[in-house]
Amino acid sequence: MLTFEENELLCRVEGEAVMGQLMRRHWQVICLSEEVNEPDGTPIRARVLGEDLVVFRDSEGRLGVLGEHCPHRRASLVYGRNEFSGLRCLYHGWKMDVSGQVVDMSSEPNASGLKEKVKHMAYPAHEWAGMVWAYMGPSETLTPFTPPAWAPNASVRVSISKMVIPCNWAQIMEGQIDSAHSSSLHSSDMTPSRVPGATVNDSAWLRPSTDKAPRMQTQRDDYGFRYAAIRRPIQNANTHEYIRATVFVAPSTALIPPNNMYNVANINTAIDDTHTAFHFIAWGPHETTPDTDQWRRFMSTQIDVDLDANYKPHRDVSNHFLQDRAAMKSGNFTGIKGIPNQDMAMWITMGPIADRSQDRLGASDMAVVEFRKQMIDAAKRFAKGEPPIGVGELKIPPTVCSFQAIVPKELDWREFEAAPV
């Protein structure tokens, strides 16, 4: 368990909060490319680390990530005219380009010179792997964008399921790095089977173990940590172990053990202290990785079916997450359709910010404990002026990845030569 002060340090991201300032030293996911896919299309509102933004694609296809409120009188630019390579405020006609440069002031005389003196808040933007990214830290700490471990090159297929969830980023992150819960919460979707390793079909992920109480081992590094959930396999249990090795990439990414067809990852954007944009990702070869429609259908996160147009789930506390008690009596463990939706029900019911002073942790929570220790320590060191975790020379090496495998007992999982699917 944590003290109140430690929990605040871990969870708070708005304004000058240390964790939020640390996150600003990393490129942040602002929105999906599909939300702003049309040049001169409709601008969208985004909120990241408690800051209100407007995102638009200009006439040349360039992306702008600007402060939402016009520098003139603070009207929202979300309602502005996106045309002729800039975003024009409706109130007095001030127009900004993607760099935040004011290029026109309809309400001011040409001779005023005010246009040259005003620069609107704009963040460096980059598009990669179906996402719009921005660097929201000080300009002097800007580092070049580097592809994430789950999208190492442009040839990889990336399919993203997005949900906006009303709770703090840290409890979502803890859920993604917690391998033990999958044997219970997801047991109707990750079913034990006599297979040589994790295998996917049209309706389920099959796994070669019935063991619900894995042994945990961790290995800390500069970018975050790796850990292994070690289970008894169904076959050859006397001589082998089933390893699911997860990678936590600070501050808010998990590389989740793959199946036989594609890799899985998660990246979270802290919208503010009590809301998070959760992105669940399938990535890998085009031949075996589901496309976006297939992925969202499989995860039960389809827009206009499971989510509204703003990626907010129809399932919530008021409707018990559409839990089907009849299905539970028939054998479904949770009665909640879709792996992310099962997770979401747990995260939200912890409260907007989980009170970790009330936790009673066990041996299966080793990865959760490591996450808390590492990120609280990283925040304290950053507050003292030390480099932020996972940036520059501290970033994750390209050789590190998650894996799952049945291996001989004498083989140390740390030495297993893993590679993405």
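At-a-glance table
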{"read-out": "Residues with amide H under 5 Å from that of residue 186, placed H, sequence gap 5 or more", "value": "none"}
{"read-out": "Those Cys residues of the chain for which no other cysteine Cβ falls under 4.7 Å", "value": "11, 31, 167, 401"}
{"read-out": "Stokes-Einstein D for region 277-421, Kirkwood Rh over Cα pairs, 20 °C, 1.002 mPa s (µm²/s)", "value": "110 µm²/s"}
{"read-out": "Alpha-carbon centroid distance for the pair region 293-348 / region 100-114, whole angstrom", "value": "50 Å"}
{"read-out": "Estimated inter-spin distance, residue 45 and residue 60, nm [label 7 Å along Cα→Cβ]", "value": "3.0 nm"}
{"read-out": "Amide H partners (placed H, <5 Å) of residue 31, local residues excluded", "value": "132"}
{"read-out": "For residue 46, distant residues with modelled amide H under 5 Å away", "value": "53, 54, 55"}
{"read-out": "Largest-first principal axis extents of the Cα set of region 204-298 (Å)", "value": "47, 34, 23"}
{"read-out": "DSSP-assigned coil residues among trypsin sites (Lys or Arg not before Pro) in region 1-76, each with at most 13 further Cβ atoms within 10 Å", "value": "73, 74"}
{"read-out": "Surface share of carbon and sulfur [accessible, 1.4 angstrom probe, percent] for region 58-162", "value": "52 percent"}
{"read-out": "Descending Cα extents along the principal axes, the chain, whole Å", "value": "85, 48, 42"}
{"read-out": "Residues residue 38 and residue 312, FRET efficiency given R0 of 22 Å [Cβ-Cβ distance, rounded to 0.05]", "value": "0.50"}
{"read-out": "Contour minus Cα-Cα distance for residue 320 and residue 355 (0.36 nm per residue)", "value": "10.4 nm"}
{"read-out": "In Hz, Karplus ³J(HN,Hα) per residue of region 120-125 (6.51, -1.76, 1.60; θ = phi - 60°; x = Gly, Pro)", "value": "7, 4, 9, 10, x, 10"}
{"read-out": "Region 273-287 - phi-based ³J(HN,Hα) in whole Hz, Karplus 6.51/-1.76/1.60, Gly and Pro as x", "value": "5, 10, 9, 9, 8, 9, 10, 10, 10, 9, 8, x, x, 4, 5"}
{"read-out": "Pair residue 414, residue 115: separation of 7 Å Cα→Cβ label points (nm)", "value": "6.3 nm"}
{"read-out": "Region 1-147: radius of gyration and largest Cα-Cα distance (Dmax), Å", "value": "16.8, 63"}
{"read-out": "Globularity index of region 1-85, i.e. its alpha-carbon radius of gyration over 2.2 N^0.38 Å", "value": "1.35"}
{"read-out": "Residue-normalised accessible area of the chain, given per residue in Å² at a 1.4 Å probe", "value": "45 Å²"}
{"read-out": "Label-point separation, residue 5 to residue 222 (7 Å along Cα→Cβ), nm", "value": "3.0 nm"}
{"read-out": "Kirkwood-type radius of region 156-207, with distances r between different C-alpha atoms, in Å", "value": "13.3 Å"}
{"read-out": "Loop-located chymotrypsin sites (Phe, Trp or Tyr not before Pro) in region 98-204, at most 16 other Cβ atoms within 10 Å (DSSP)", "value": "145"}
{"read-out": "Residue-wise HN-Hα coupling along region 227-234, computed from phi with Karplus coefficients 6.51, -1.76, 1.60 (Hz; x: Gly, Pro)", "value": "8, 10, 9, 10, 10, 6, x, 5"}
{"read-out": "5 Å binning of all Cα-Cα separations within region 100-238, expressed as whole percents from 0 upward", "value": "2, 7, 9, 11, 13, 14, 11, 7, 6, 5, 3, 3, 3, 2, 1, 0, 0"}
{"read-out": "Proximal aspartates and glutamates to residue 95, defined as alpha-carbon separation beneath 14 angstrom and excluding residues fewer than eight positions away on the same chain", "value": "40, 58, 68, 83, 104, 108, 116"}
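The values are calculated or read from the model by the stated rules, or taken from the named source; none is laboratory data. Bear in mind the structure is a predicted one, so any value in this text is a computation, not a measurement. Ideal geometry is used to build each Cβ from the backbone, glycine not excepted, and the neighbour counts take in all protein chains shown. The accessibility values were calculated without ligands, DNA or RNA, using every heavy atom of the protein model including side chains. Shrake-Rupley method; radii C 1.70, N 1.55, O 1.52, S 1.80 Å.
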